[in-house]
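Engineer: Structure below; questions to follow.
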Amino acid sequence: MKKILIFTAGFGEGHNSAARNIRDGLEFVGGSDVHVDIIDLFDECYGRLNDMMRSAYLQAINSAPKVWQGIYNFLDHSRAMESNLVALSRMRRRLADLLSETQPDVVCSTYPVYNFLLDEIFAHGRQRTFSQITMVTDSISINSLWYRASSDVYLVPNEETAKILRNAGVPEEKVVSIGFPVQLQFALPESRLSIPDPGVQEAPRILYMINSGKKRAPKIVEGLLEIKNLRLTITAGRDIKLQHLLADQTRKESSRVEIMGWTHKMPELLMTHHLLIGKAGGASVQESIAAECPMIVNQIVPGQEEGNWELLRQNNCGVLAEKPADVADWARKAFEKDAELWKTWKKNLRGISVPDSALRIARFLLDRCAPVNVPLSLNGRIGRTDPLKGEEPERPRGSGTTHGKKLLLCDLHTHSTYSDGKLEVRDLVDFYGQREFDVLGITDHVVDDAKVFGKVCRLSGLVLPNKEMPEYFEVLEKEKKRALDRYGMILFTGLEFNKDGVRAKSSTHLLGVDLKEPIDPSLNLEDLIAIIHAQGGLAIAAHPHVNQSVWGKNTLYLWDNQDKFAPLIDAWEIGNRDDLYNPVGLKRLPFIANSDFHKPKHIHSWKTMLFCEKDPESIKQCIRVNRDVALTLYRDHLFGQGMQKPEVESENRGPVILPEFRPIAA
């Protein structure tokens with residue numbers, strides 16, 4: 001088993017994007033012979049302080065770019081990092097502990113600060129037992145932080161960046177031009193899309209990706225809509241107000257305008273549009289290159305993004321247009337004269353596109369692990385043939401349906417970034433899978449827009465919009481197979497229907513678990529439950545009683561009307577995060593315990609343990625009948641970090657409330 005740690009940070013999406021895509025490449029190439037962890041020690045060690053630092057960083061690059069440029073230049077030319085590592089002592093200790101605990105074969109950093117900490121940990125001649133790889137996520141304008149600390153190898157996105165590092169004194173043999181790790185969809189034949197040339201064959205399709213610079217967005221859209229036959233797709237992230245504003249602005253042109261919120265489908269969008277308009281972010285620029293989609297850059301953050309634009313400029317793959325009027329002018333010019341300019345940009349992109357970069361990087365990292373106990377094939381896949389030729393990876397031992405009853409560790413109430421969770425769906429699956437959970441339910445929030453509170457929640461951008469439900473179901477359906485293949489974990493698609501009123505006694509949160517298709521959240525509770533059951537799912541009352549340990553709005557409608565709803569509800573949460581609702585036990589209602597997971601620290605909470613066969617129908621029936629159901633207060637040091645879950649007869653599995661003793665007191 002190859003063990004690879006990838007360290008990242010949330011200061012710029014390029015670092016996290018690179019880390020995730022490298023992980024996906026490693027899992028695709030290495031299959032079950034690779035164990036990969038992505039770790040953000042800034043977030044893990046500093047929590048709220050890290051959130052404040054990230055917020056300040058975003059505020060600086062979006063509202064005060066000159067201030068950020070000064071900070072960037074200071075970090076580039078000073079030795080402040082080396083002389084102030086004591087401020088990161090908590091991170092250094094945690095990093096040292098992780099290395100000792102996991103004994104990795106490779107440590108890969110997508111953020112440069114980790115290399116300084118590694119230098120301090122391995123000072124005074126202490127020998128490393130792993131390969132240290134740095135994935136440089138910027139192009140051309142490279143801050144010296146990237147190469148001032150030690151690394152065995154620096155992987156860089158392109159040859160232009162490789163020259164910068166060599167000229168700065170990095171030994172040539174340590175610099176490898178390999179591409180920026182983009183998502184696997186750009187490389188895999190079955191997901192690779194193509195689009196006809198604009199003009200006679202198809203109307204030009206423009207993708208306008210709004211990150212910052214939101215005040216200029218209406219002006220840019222106004223100019224673009226003046227171009228005849230243009231089809232426009234706008235992504236506005238989680239800014240619901242901006243989505244509504246643009247929807248009102250484009251109402252008369254709705255037949256050729258699509259407005260989207262936050263989406264997982266960026267590779268598909270880039271591969272089905274002729275032109276991208278957006279800021280020169282590292283991930284955005286590199287994905288546009290991988291998709292061979294020319295770019296109009298409408299904003300550059302001083303410092304790291306200057307090099308991203310320079311890469312496009314040097315290769316004549318796009319244009320800079322920072323004024324709204326110039327954006328529309330260049331879009332018009334791109335498609336004039338039979339799209340002559342666009343075709344030039346497109347041709348030049350083919351020369352620098354590396355769509356399979358994540359797979360190349362994966363093979364490189366796995367090669368740095370060898371030799372261990374499994375030989376590498378000639379193409380770099382561990383015990384496999386080329387993954388691009390379509391062979392299915394082998395399932396890990398123990399995956400799939402298990403015949404015979406076993407003790408299953410379950411959490412059926414979690415949230416991803418589709419609503420107000422902190423982890424993306426794939427990261428959430430990995431988080432639970434690596435901790436050897438058997439069953440996971442992802443239940444992102446949906447709201448009833450007919451109610452005032454529903455409208456307010458919708459404006460927050462922290463709930464799953466109705467129009468994004470099909471994508472949500474599609475993403476979870478794909479993750480079900482990966483969760484089973486990689487971890488032997490059953491994944492349920494779910495929703496948390498929020499029906500909040502003015503008072504706690506008029507408010508309800510209802511979980512639908514193992515849903516097959518979207519459900520309209522505006523339906524009344526009886527109809528919602530009926531449709532959940534018609535789809536074969538579970539209807540679970542979420543936090544139905546008074547919260548004691550966690551601040552939050554109480555949702556007591558189901559509890560106060562249990563005579564009506566008890567016959568309809570499959571289970572009631574008796575444990576939600578740190579709360580135990582004793583009245584659920586006193587009433588002898590069918591019970592379940594969940595974490596209501598929003599961020600990693602919520603893993604330390606009440607969970608359910610089922611004694612049944614490991615298949616979806618047996619799991620749901622066990623909950624409905626509510627026999628052989630137990631609670632456990634989960635702690636990471638008991639089940640995580642590669643330790644095996646205890647068998648049923650083990651006496652060391654934390655505080656467990658056995659199924660034959662229905663809990664009546666905390």
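Only the coordinates and a few stated rules stand behind these numbers; no lab work does. None of these values were measured; they are calculated from a predicted model. Quick reminder, even Gly has a Cβ in these numbers, built from the backbone with ideal geometry, and neighbours come from all protein chains shown.
Engineer: For the chain, what is the relative contact order in percent, using Cα pairs closer than 8 Å and at least 6 residues apart in sequence? Intermediate results must be reported in sequence, preceding the final value.
Structural biologist: On the way: 1320 pairs, mean separation 69.0, N = 666.
It rounds to 10 percent for the chain.
Engineer: If each residue's Cβ is checked for other Cβ atoms within 10 Å, how do Ser194, Ser177, Ser151 rank with the fewest at the top? Could the numbers behind the result be given before it?
Structural biologist: Numbers: Ser194 7, Ser177 16, Ser151 24.
In increasing order of surrounding Cβ atoms, one gets Ser194, Ser177, Ser151.
Engineer: Okay, next question. Rounded to the nearest Å, what's the spacing between the alpha carbon centres of segment 508-522 and segment 403-446? Just the number, please.
Structural biologist: Cα centres, segment 508-522 to segment 403-446: 16 Å.
Engineer: When the helix-only estimate is applied to the chain (DSSP H runs of n ≥ 4, each -39,500 (n - 2.57), divided by the residue count), what is the mean residue ellipticity at 222 nm, nearest 500 deg cm²/dmol?
Structural biologist: Numbers: 25 runs with 253 residues, N = 666.
The helix-only estimate for the chain comes to -11000 deg cm²/dmol at 222 nm.
Engineer: Now a separate question. Note down the nm distance, to one decimal, between modelled labels 7 Å out along Cα→Cβ at Thr263 and at Arg54.
Structural biologist: Computed distance between label sites Thr263 and Arg54 equals 2.4 nm.
Engineer: Can you list the residues of segment 271-292 with backbone N under 19 Å from a point 7 Å past the Cα of Arg350, pointing along Cα to Cβ?
Structural biologist: Under cut-off, by backbone N: 271-276, 288-292.
Engineer: Taking every DSSP beta bridge that has both residues in the chain, what percent is antiparallel when rounded to the nearest 5?
Structural biologist: Working: 26 of 85 bridges.
Around 30 percent antiparallel, to the nearest 5.
Engineer: Can you list residues whose amide H is under 5 Å from Ser131's amide H, if they're 5+ apart or on another chain and H is modeled 1.01 Å from N?
Structural biologist: Val106, Val107
Engineer: Same structure again: Once you have the Kirkwood Rh of segment 1-145 from its Cα pairs, apply Stokes-Einstein at 4 °C and 1.567 mPa s and quote D in µm²/s. Provide the component values of the computation, followed by the final result.
Structural biologist: On the way: Rh = 16.4 Å.
Estimated via Stokes-Einstein, D reaches 79 µm²/s.
Engineer: For the charge dipole of the chain, defined by +1 on Lys and Arg C-beta atoms and -1 on Asp and Glu C-beta atoms about the Cα centroid, which residue among Leu428, Thr263, Ile240 has the Cα displaced farthest towards the positive pole?
Structural biologist: Highest projection toward the positive end goes to Ile240.
Engineer: Please name which of Gln299, Leu188, Thr161 has its Cα lying farthest along the dipole of the chain towards the positive end, using unit charges on Cβ (Lys, Arg +1; Asp, Glu -1) and the Cα centre as origin.
Structural biologist: Most positive-ward Cα: Gln299.
Engineer: Here is a further query. What are the radius of gyration and Dmax of the chain, computed over its Cα atoms and given in Å?
Structural biologist: 26.0, 79
Engineer: Whole angstrom only: what separates the Cα centroid of segment 1-43 from the Cα centroid of segment 164-228?
Structural biologist: When both Cα centres are located, 23 Å separates them.
Engineer: Also, I was wondering about something else. Any idea what Rg and Dmax come out to for segment 117-243 if you just take the C-alpha atoms, in Å?
Structural biologist: 22.0, 68
Engineer: Hey, another quick one. Taking amide H atoms as placed 1.01 Å from N in the peptide plane, list the residues 5 or more away in sequence, or in a different chain, whose amide H sits under 5 Å from that of Gly179.
Structural biologist: Those lying under 5 Å, H to H, from Gly179 are Val156, Asn158.
Engineer: Now a separate question. Could you list the square roots of 5 times each eigenvalue of the Cα gyration tensor of segment 468-523, that is, the equivalent ellipsoid semi-axes, sorted largest first and rounded to whole Å?
Structural biologist: Working: eigenvalues 164, 33, 10 Å².
They are 29, 13, 7 Å, listed largest first.
Engineer: If Rh is defined by the Kirkwood formula over all Cα pairs and Rg also comes from Cα, what ratio Rg/Rh do you get for segment 193-352? Walk me through the numbers on the way to the answer.
Structural biologist: Details: Rg = 14.4 Å, Rh = 15.6 Å.
Rounded to two decimals, Rg over Rh is 0.93.
Engineer: Would you work out the charge dipole size for the chain about its Cα centre, treating the Cβ of every Lys and Arg as +1 and the Cβ of every Asp and Glu as -1, and quote it to the nearest 20 debye?
Structural biologist: Numbers: 84 positive and 88 negative charges, 164 e Å.
Using Cβ point charges on Lys, Arg, Asp and Glu, the chain gives about 780 debye.
Engineer: What residue among Ala450, Gln548, Leu523 has its Cα farthest toward the positive end of the dipole of segment 406-657, where the charges are +1 on Lys, Arg and -1 on Asp, Glu, each on the Cβ?
Structural biologist: Gln548
Engineer: Please list the radius of gyration and Dmax for segment 406-657, considering alpha-carbon atoms only, with Å as the unit.
Structural biologist: My reading of the Cα-based Rg and Dmax gives 16.8, 51 Å.
Engineer: With no other cysteine's Cβ closer than 4.7 Å, which Cys residues of the chain count as lacking a disulfide-compatible partner?
Structural biologist: Lone cysteines by the Cβ rule: Cys45, Cys108, Cys293, Cys317, Cys369, Cys410, Cys457.
Engineer: Another question, if that's okay. Using Cα centres only, tell me the gap between segment 460-479 and segment 76-134 in whole Å.
Structural biologist: Comparing the Cα centres of segment 460-479 and segment 76-134, I get a distance of 38 Å.
Engineer: Mind giving me the nanometre distance, one decimal, between the label points for Leu459 and Ile121, set 7 Å out from Cα along Cα→Cβ?
Structural biologist: Distance between the two pseudo-spin positions: 4.7 nm.
Engineer: How far apart, in nanometres, would the label points at Arg166 and Arg256 be if each is projected 7 angstrom from Cα along the Cα-to-Cβ direction?
Structural biologist: 4.8
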